[in-house]
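The values are calculated or read from the model by the stated rules, or taken from the named source; none is laboratory data. All figures in this text were calculated on a predicted structure; none of them were measured in a lab. Cβ placement follows ideal geometry from the backbone for every residue including glycine, while neighbour counts extend to all protein chains displayed. Quick note on the areas: whole protein, heavy atoms, side chains included, nothing else; ligands and nucleic acids left out. Shrake-Rupley method; radii C 1.70, N 1.55, O 1.52, S 1.80 Å.
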Amino acid sequence: MRVSTAAAALFVAVVVASPLLASSQQPAMAPAAAATNNSRLEKAYVALQALKRAITDDPKNLTHNWCGPEVCNYFGVYCAAAPDDPCARTVAGVDLNHGDLAGTLPEELGLLSDLAVFHLNSNRFCGSLPDSLRNLHRLHEIDVSNNHLSGSFPSQLLCLPDLKYLDLRFNNLCGEVPAAIFEKKIDALFINNNNFDFKLPESFSNSTASVIVLANLPKLGGCLPSSIGDMAGTLNELVLLNSGISSCIPPEIGKLDKLTVLDLSFNSFAGALPETIGHMQALEQLNVAYNGLAGEIPESICGLPHLKNFTYSHNFFCGEPHRCLEVPHIDDRQNCIAGRPDQRSGEECIAFLHRPPVHCDAHGCIAPLSPPPPPPPVY
């Protein structure tokens, strides 16, 4: 799965632009900063030593030099001038990505009150995120993906005013995802490949994120709201594959003129593919495979100037303009398109045509079928 340019560059932007991290790129170049007479580094020493004690396996020996009060010399620890006191140094970043570290995350991490970047992806940390993370009011970015974390969604992160990048994917988190996460002024949200159980809230379209990945959340459910067009100002990538969504695709989706990636595959979307998708001039990748979509593929979609990959296999489309065959990569298998190879059987297509037509309500949800009329009275 491709991460957007904005999201991929976020760490670089924080490091370059933030007064916390601007001078902390190479720890070897940073002058030694003793914890003596520096309360920030004293607290950081307590926090990092607690983390070291909570690590039960360090196969790459990443924390071998985490000894003594010179925390700015610790591997993976980045220091910079404090934003409110340029004469004081503080811990601005911790990056232990791909360390294969095992253990838990202690409450003492809340003492790192100036932390801007916290990266622990691709390790074996278990348990829940400490509640004390609510104290990290300068945190821009947290990536704890690809661990063994469990428990509920870490709602304490909603308290962080500067949080822009949240990556919780590939863990064992469960339960509700608070609707408030879509109200936060966040740039990138990755919560895919967990066990969350919730419905897409009405507040979803209030999100200002440029990248939203809610993939492989089969208990998600809900409908794609017609208000999705309100996200046009910021949204660049939306990935909802295999998320249990049963919905129509609202025509308002065509307002997302900055969107480059749209993946709605492996859900229960029904009805027609909106012709308004042909207004999404930035679109590069469109995947609606493995749904219950039908009708004709709108020619305007295949004429999009940047479209490189269009996958609409395993639906019930009955026609596609010749122009679609000019898209660099298409996949139209297992539909009902006459003259194209590897299509559904005639029996499957006829059976589908005899199904009741799909209707969607004002919220984008598939409307229930009207009950049959009552039988005439018997006199």
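Listing for the model above:
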| item | result |
| --- | --- |
| Test set (1) crowded, with 23+ Cβ neighbours inside 10 Å; (2) within 20 Å of HIS279 (Cβ to Cβ); (3) of a type in the set (Gly, Ala, Ser) - GLY233 fails condition number | (1) |
| Selection from segment 249-270 of residues that are closer than 26 Å to PRO368 by Cβ and either open to solvent by less than 20 Å² (accessible area, probe 1.4 Å) or assigned to a loop (DSSP other than H, G, I, E, B) (or both) | ILE249, PRO250, ILE253, LEU264, SER265, PHE266, ASN267, PHE269, ALA270 |
| Restricting segment 337-368 to residues that are in contact with a strand residue (DSSP E or B) (Cβ under 7 Å, 6 or more places away or on another chain), under 19 Å from GLU275 (Cβ atoms) and in a loop (DSSP other than H, G, I, E, B), the residue that is modelled with the lowest pLDDT | GLY364 |
| Exclusive hit being aliphatic (A, V, I, L, M), modelled with pLDDT of 95 or more and open to solvent by less than 40 Å² (accessible area, probe 1.4 Å), set ALA81, ALA33, ALA88 | ALA81 |
| Neighbours by Cβ (under 9 Å, 6+ apart or cross-chain): first from segment 98-123, assigned by the TED database to the domain that holds LEU62 and buried (at least 21 other Cβ atoms within 10 Å of the Cβ); second of a type in the set (Asp, Glu) and part of a loop (DSSP other than H, G, I, E, B) | GLY99/ASP58; LEU101/ASP58; ASP114/ASP84; ALA116/ASP162; ASN123/ASP100 |
| Residue match in segment 225-235 (condition: in contact (Cβ under 8 Å) with a residue 24 or more places away in the chain and assigned to a strand (DSSP E or B)) | no |
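Okay, residues lined up against (1) farther than 16 Å from ALA270 by Cβ; (2) under 31 Å from the mean Cα position of the chain (by Cα); (3) in contact (Cβ under 8 Å) with a residue 12 or more places away in the chain:
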residue	(1), (2), (3)
ALA294	no, yes, yes
HIS314	no, yes, yes
CYS324	yes, yes, yes
PRO328	yes, yes, yes
GLY339	yes, no, no
ASP342	yes, no, no
